[in-house]
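Values quoted throughout were computed directly from the atomic coordinates according to the rules given, and no laboratory measurement underlies them. This one's a predicted model, so the numbers in the text were calculated from it and none came from an experiment. Neighbour counts run over all protein chains shown; Cβ positions are idealised from the backbone, glycine included.
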Amino acid sequence: MKKTFERREPRSQKTKGDGPRRERRDERLPEKPARIEKPAKAARPDAATAPAAEMRPLIRRSGELPAERVPVILESQGAGDFHLIDSGQGLKLEQYGPYRIVRPEAQALWQPSLAPQVWEGADAVFTGDTDEDGMGRWRFPKAALGETWPLSLLDIDFLGRFTAFRHVGVFPEQIVHWSWVKAQAERAGRPIRVLNLFGYTGVASLVAAAAGAEVTHVDASKKAIGWARENQALSRLERAPIRWICEDAMKFILREERRGSRYDIILADPPKFGRGPNGEVFHLFEQLPLMLDVCREILSPNAIGLVLTAYSIRASFYSIHELMRETMRGAGGAVESGELVIREAGLDGRGHGRALSTSLFSRWVRA
C-alpha cells in the first residue's frame, strides 16, 4: 500500500570505539537468538565520555561519485493496523489498531479536514512538550487504556505502548524502508546480514529476519531492547537469527570495523541527540560523518544498501545526500535522497488526502 514517486531535477546524473580489539566470540550468528549482549566496561575512565568523532579520523575517499536520484519522495498511505486519518493545527489523528490517537505534529501547518467531533472522539491524546523528544503524558477521553496493545505491520506482530515521549513503539513512515529490506532479503537467494543501528523496538529487525536475513540489532536503551524481545516473542520469531545488543551505536560499529565484520544492508536511524548506556553522548551533526564513514567500511563486498533516516533536524535533505555521496565515493551504485511522507487516508483508510512530511532520508543502493 505504499507509493513511490521519483522527481528528478535537471542534472547530468541521474527524506537512535571502545578499548583494544577483543575477539570474544565467533562472528557467525547463532541458530537461536542470543541473550542481550552488553559491552565490557571501558578500560579507561574517560573512554565512555570521549567524543566518538575523536576515535579515528575520516578516510579520504577517491573515485567517482555515485549516481544520484533527487528528490525522491517515498510515500506511505498506511499498512496493516496503521493509517493517518487527518492532520492540522500542529496535530495528527492516527489509527493504531483499535485506537484513534492524537499527537503533536509541527509539520501540519494547515487546518484539519475532518469535523472537530471526529477529533474529539479520539481514544488517546498526548499532552505536554510538543518537541519530538519532549516528555508529557497521555489523556484518555473515553476510558482508561492499558499501557500496551497488539499491532501488526508487514505480517509482524508487536506491541504498541503509550510512552512518556509521545511515541507508541513504531515509526510507520519507515514502512517504505522495511518493505525495501524485505524485498532485498527475499530476492537475494542467500542469507544476507543486516545491521540495524538505533533499532528501537525491533520492528525493522523482525521484518528483515522474517524475510530470511541474519540481523544484528543495536540500541543503547535496555528498555527498548526488552521491548524488542517482547515483540520477537509476539511475532513467533524466537528462533530467528537476531543478535540483540545493548550498546552505544558508535562504539559498536567502530569495534566491528576493527574486527573486520561485514554487513550487506545497514539501517541507521539516529536521533539528533542521544545518550549511550555508559553516558556516551551522540550529536547528529557532529558525529554523522564518522558514523557513515565507518558504516561504509563494514559494508560487505557485495553490499546491497546503506539507509539513513534523519528526524528533527533543521536541514535540507541535500545535506545528508551530499554527505552520503562523498562517503560512498568510488563504490559505484547510486544515492537517492529526499523525504518520507505519510498520506492522509481518512476514517476508513481508503482516502487520498494531504501528504505529511515526517523525515529526511538518504540511501546508497548497489544498482
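Starting from the eigenvalues of the Cα gyration tensor, five times each then square-rooted, give me the equivalent ellipsoid semi-axes of the range 300-364, largest first, whole Å.
Value: 30, 15, 8 Å, ordered largest first.
How big is the range 210-367 by Rg and Dmax over its Cα atoms, in Å?
Over the range 210-367's Cα set, Rg and Dmax evaluate to 17.1, 51 Å.
Taking the simple approach of a point 7 Å from Cα along Cα-to-Cβ for both Arg190 and Leu234, what is their distance in nm?
Placing both labels 7 Å beyond Cα along the Cβ direction yields 3.5 nm.
Tell me, in nm to one decimal, what length is gained between Arg61 and Val118 on full extension, where the rule is 0.36 nm per residue of separation less the Cα-Cα distance?
Extra length from Arg61 to Val118 when fully extended: 15.1 nm.
Mind pulling the per residue volume of the convex hull built on the Cα atoms of the range 100-242? Å³ is fine.
128 Å³
Among Pro141, Gln89, Ile101, whose Cα projects farthest towards the positive end of the dipole of the range 82-146, with charges put on the beta-carbon of Lys, Arg (+1) and Asp, Glu (-1)?
Among Pro141, Gln89, Ile101, the one farthest towards the positive end of the dipole of the range 82-146 is Pro141.
The range 68-115: Rg/Rh from Cα coordinates, Kirkwood Rh?
Reported Rg/Rh (Cα atoms, Kirkwood Rh): 1.07.
Rounded to the nearest whole Å³, what is the per residue volume of the convex hull around the Cα atoms of the range 182-249?
Spread over its residues, the Cα hull of the range 182-249 gives 66 Å³ apiece.
To make sure I understand, if each residue's beta carbon is the centre and we count other beta carbons within 10 Å, what order do Met291, Met250, Met55 fall in, fewest to most?
Met55, Met291, Met250
Once the range 82-146 is represented by equal point scatterers at the alpha-carbon sites, with solvent omitted, what log10 I(q)/I(0) does the Debye formula produce at q = 0.22 Å⁻¹?
For the range 82-146, the Cα-only Debye profile gives -0.96.
Which order do peptides 114-121, 182-189 fall in by mean Cβ count within 10 Å, highest first?
Highest to lowest by the protection proxy: 182-189, 114-121.
What list of whole percents do you get for P(r) of the range 126-206, with Cα-Cα distances grouped in 5 Å bins up to the one holding the largest distance?
Per 5 Å bin, starting at 0, the Cα pair percentages come out as 3, 12, 19, 20, 17, 12, 7, 5, 3, 1, 0.
Dipole magnitude of the range 82-146 about its Cα centre, charges +1 at Lys/Arg Cβ and -1 at Asp/Glu Cβ only, in debye to the nearest 20?
Computed charge dipole of the range 82-146: roughly 280 debye.
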